[in-house]
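Throughout, read-outs are computed from the coordinates displayed, never taken from laboratory work. The structure presented is a predicted model; accordingly, all values stated were derived computationally and were not measured. Cβ sites come from the backbone with ideal geometry, for glycine too, and all protein chains shown count toward neighbours.
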Ligand code: SIN
């Protein structure tokens with residue numbers, strides 16, 4: 001069923017596409033959320049996969065933390081990533097004329113190289129180029145649903161090996177950050193197909209940034225199945241491409257959505273702040 005506009009008690013959510021995302025009007029995120037707003041946001045989050053809160057003011061660090069904490073414990077990234085001084089839970093997203101790379105410029109769901117990867121992420125973009133710097137999101141439920149039955153069956157019992165070392169070495173070495181991967185956990189195993197703990201729906205759970213291989217298969221078998229799944233998850237039909245307005249805040253569900261930050265705006269400035277909410281062990 002295509003996504004529809006939903007009128008909640010505390011706001012209106014308008015679908016961004018028939019398959020994924022909604023723009024949310026009528027919530028001021030600088031203020032503490034009421035219980036009604038919290039309940040409505042939780043429902044919309046599970047319905048649309050990613051929410052874009054429109055017409056926002058810049059959040060102070062304490063406001064951003066308070067907002068994130070309404071939805072769970074806050075995550076601290078295990079690698080040496082740039083954070084706001086005094087706030088290890090707030091990652092600074094930053095690229096300017098000196099940047100050769102930016103955060104997240106490859107398909108991924110956040111930090112899947114941890115045993116319990118984050119359930120959700122809240123990113124506010126405070127400075128952006130006039131055009132460019134969009135973020136792409138892909139719906140991993142619909143990607144899974146459209147696999148053929150034999151491939152679903154084949155993938156069902158499979159596990160993947162995830163690691164952040166290659167990604168972090170590549171991304172941060174280019175920015176002159178030495179040993180950014182030093183504190184990363186050892187590689188972990190996760191299911192290739194995950195069941196969302198709240199909706200019960202199944203989703204593809206491999207990504208090009210952190211999945212190293214499918215366990216127990218030969219390299220050729222693993223590469224071939226991963227290619228099928230990557231291609232399926234990256235199909236434009238499952239995607240949206242979000243064009244930010246200044247101070248929009250996106251809240252995405254890492255259990256069923258992956259994302260890709262476009263770096264097409266050099267030498268312009270793009271700055272944002274991100275908090276991430278702890279999740280549970282995928283199954
Ligand atoms: C990220 O969290 O991967 C960055 C997303 C973005 O900058 O749009």
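With all pairs of separate Cα atoms included, segment 1-126 yields a Kirkwood hydrodynamic radius of 16.2 Å.
Once the chain from residue 36 to residue 101 is taken as fully extended at 0.36 nm per residue, the excess over their C-alpha distance is 19.4 nm.
Under the criterion of Cα pairs below 8 Å and six or more residues apart, the relative contact order for segment 6-277 equals 34 percent.
Of 147, 123, 20, the residue with the greatest mean-square motion in the GNM of the chain, using alpha carbon springs below 10 Å, is 147. Enumerate the whole-percent occupancy of each 10 Å bin, from 0 to the last occupied one, for all C-alpha pair distances of the chain. It works out to 7, 29, 37, 22, 5, 0, in whole percents. Of all DSSP-defined beta bridges confined to the chain, some 95% are antiparallel rather than parallel. Classified by the C-alpha gyration tensor, segment 63-148 has an oblate form. Its axis ratio a/c, with a ≥ b ≥ c, is 1.5 or above, and a/b does not exceed b/c.
This ranking places 244, 252 by how few other beta-carbon atoms lie within 10 Å of each, fewest first, which gives 244, 252. With contributions of -39500 (n - 2.57) from each DSSP H run of at least four residues, the per-residue ellipticity at 222 nm computed over the chain stands at -6500 deg cm²/dmol. Here the residues 230, 210, ranked from fewest to most Cβ neighbours within 10 Å of their Cβ, fall in the order 230, 210.
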